[in-house]
Amino acid sequence: MFRLMNNYMREINLVVNADTKAMMDTVLRKSDLIEHFCITINFNRYIVDIKLKNYSVQEAKMHFDDFSNNIKYPYSDMTVRYNEGKLVRYRFASCKENKEGFYCDIIYS
């Protein structure tokens, strides 16, 4: 899956903009499951650190599904999940038909 995600990201034009960040911020603020979160931008990628009130892999999965469904573009998206000890990392990318898209590292703890 790692290679598939890298190939997918090579095919899209990664863009960081204020609208996408604001959309992520709005979706995260609405969640009752989150204790706190931080969205940072590193080059052309978003890094979203999320601290859940009651962390579990199942809670992270449930929240990620809701979060990704609210921020993804309708044309295409790809997700890879990594369990890393006491946290879960999702690599998530989505793009429009014109191949303009975004990439997120979403880390749950």
Which number in (1) part of a helix (DSSP H, G or I); (2) surrounded by 14 or more Cβ atoms within 10 Å (Cβ to Cβ); (3) not polar (S, T, N, Q) marks the one condition that Met62 misses?
(2)
From the list Val57, Val15, pick out the single residue that is touching an Asp or Glu at 6+ places or on another chain (Cβ under 7 Å), surrounded by fewer than 15 Cβ atoms within 10 Å (Cβ to Cβ) and either in contact (Cβ under 8 Å) with a residue 60 or more places away in the chain or not aromatic (Phe, Trp, Tyr) (or both).
Val15
Counted residues in region 65-79 being over 17 Å from Met9 (Cα atoms) and either assigned to a strand (DSSP E or B) or free of Cβ contacts under 8 Å to residues at least 24 places away in the same chain (or both) come to 2
Enumeration of residues in region 93-103 that are in contact with a Lys or Arg (Cβ under 7 Å, 6 or more places away or on another chain) and of a type outside the set (S, T, N, Q)
Tyr103
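Every read-out reported here was derived from the displayed coordinates using simple, explicitly stated rules and does not represent laboratory data. What you see is a predicted model; the values in this text were computed from it and never measured. As a convention, Cβ positions derive from the backbone with ideal geometry for all residues, glycine included, and neighbour counts pool all protein chains shown.
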